[in-house]
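Asker: Dropping the structure in here first, questions after.
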Amino acid sequence: MNKDGKIKGKFNIIDALVLLLIIATAVGIFARYGSRITAAVKSDEEFVYEIRVQSVRQYTIDALMETMNTKSRMSDKKATVDLGEITDVRVEDATILSEKADGTMTYAPQEDRYTAYVTIKTRGKESDNSYITADSEELSVGRQTEIYSKYVHTSGEILRVEKIEN
């Protein structure tokens, strides 16, 4: 700067890139911490969600049942956050989409494989458009999630999420 307070030199491409980086960082911070999910969180709620765990062996089914029967708590990967308990496990034979000799598609049974429908009851936060577990995972239909307990580690697709009305 000179003695009159004016900037010497010209605005160049480096200055433009630095300015663009600052703007992108500000937008990123706003998107992460100023989103509707975190801004519109309501009070602590109780809810249930159902997960479809596909194509698992009998061992996994037995472990899910043991978790439910012993009322073992679900946790995050590091076993530091309580994520509720399994309240129901429904099991059916697994199927796989396969092509017949005539070119049509059909669901064929998978030998020694099962599909489990696991219902989990937990506490978390409710926002305007989703539910958030104690470990800050958003629960929404179609999303993949993991199940950790003393007896089992598996994953599946969330089929439904419902708030428990008191």
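Asker: For Arg143 and Arg32, calculate 0.36 nm times their separation in residues minus their Cα-Cα distance, and state this gained length in nm to one decimal.
Answerer: Using 0.36 nm per residue and subtracting the Cα-Cα distance, I get 38.0 nm.
Asker: Among Lys78/Lys121; Lys100/Lys150; Lys78/Lys163, which pairs are too far apart, with a Cα-Cα distance over 31 Å?
Answerer: Where the Cα-Cα span goes over 31 Å, the pairs concerned are Lys100/Lys150.
Asker: Next question, about the same structure. Starting from 0.36 nm per residue, how many nanometres of slack lie between Ala24 and Val81 once their C-alpha separation is accounted for? It would help to have the intermediate numbers written out before the result.
Answerer: Details: separation 57, 0.36 × 57 = 20.52 nm, distance 3.35 nm.
Result: 17.2 nm gained on full extension.
Asker: Mark the label point 7 Å from the Cα of Glu45 along Cα→Cβ and return the residues of region 87-128 whose backbone N is within less than 18 Å of it.
Answerer: Those under the cut-off are 120-128.
Asker: Match the structure shown to one of the listed values [x] 1.18; [y] 1.26; [z] 0.99 of Rg/Rh (Cα atoms, Kirkwood Rh), computed from it, and give that label.
Answerer: Only one option fits the structure, namely [y].
Asker: Please check: in the Gaussian network model of the chain (C-alpha springs, under 10 Å), which one of Tyr117, Tyr59, Tyr49 has the largest mean-square fluctuation.
Answerer: For the chain, modelled as a Gaussian network with Cα springs under 10 Å, the answer is Tyr59.
Asker: With every protein chain kept in place and ligands, DNA and RNA left out, what is the accessible area per residue of the chain? Probe 1.4 Å, answer in Å².
Answerer: Accessible area per residue, the chain: 68 Å².
Asker: Over the chain, calculate the relative contact order: mean separation of alpha carbon pairs under 8 Å at least 6 apart, over the residue count, as a percent.
Answerer: Relative contact order of the chain: 29 percent.
Asker: Using a Gaussian network for the chain with springs between C-alpha atoms less than 10 Å apart, which of these wobbles most: Ser149, Ser75, Ser136?
Answerer: Ser136
Asker: Net charge within 12 Å of Ile158 by Cβ-Cβ distance, Lys/Arg positive one each and Asp/Glu negative one each, not counting Ile158 itself?
Answerer: Summing Lys/Arg as +1 and Asp/Glu as -1 gives -3.
The values are calculated or read from the model by the stated rules, or taken from the named source; none is laboratory data. The model shown is predicted, which means the values in this text are computed figures rather than measured ones. Every residue, glycine as well, gets a Cβ built from its backbone with ideal geometry; the counts of neighbours run over all protein chains shown. Ligands, DNA and RNA are excluded from the accessible area calculation, which covers all protein heavy atoms including side chains. Shrake-Rupley method; radii C 1.70, N 1.55, O 1.52, S 1.80 Å.
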